[in-house]
Structure formats: C-alpha cells, structure tokens
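The structure appears below as structure tokens.
Throughout, read-outs are computed from the coordinates displayed, never taken from laboratory work. These figures come from a predicted structure and were not determined experimentally.
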Amino acid sequence: MCRASLESEGNTMKSEAVNDGIVYLMVIPYVLVGIVGVVVYRMYTKKKTQ
C-alpha cells in the first residue's frame, strides 16, 4: 500500500527516504541480538577460563 502510493506520486526522494527508514528499522534488532550474543559469549569464555 505504501509502495503504491509512493510510486504514484513520482517523488523519488520520498520513496528513497521510506526505503531507508525500513532498512534502518530492520537492522536494529539484528544489531541488538548481535551485541547480546557477544556479551554472553564473553561471559561464558571468561567463566570457563577461571
């Protein structure tokens, strides 16, 4: 629905901004899960070596 409305207007700047926003919202959860994974891995390896 959003795609159809953006394509009908012919405004490429607005459609690029919407696409960038979608990518931004899609990347954030992966980054957060990666950070949590690194923290857990470091805690596990630190506990194992002691």
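Some notes on this structure:
- What the phi angles of the range 15-26 give under the Karplus curve with 6.51, -1.76 and 1.60, with θ = phi - 60°, is a coupling list of 5, 5, 5, 5, 4, 5, x, 5, 5, 4, 5, 7 Hz, glycine and proline written as x.
- Compared with the direct C-alpha span, the chain from ASP20 to VAL38 gains 3.8 nm at full extension, assuming 0.36 nm per residue.
- Residues in the range 28-43 carry Karplus couplings, in order, of 4, x, 5, 5, 5, 5, x, 5, 4, x, 5, 5, 5, 4, 5, 5 Hz; the curve used is 6.51 cos²θ - 1.76 cosθ + 1.60 with θ = phi - 60°, and Gly or Pro positions show x.
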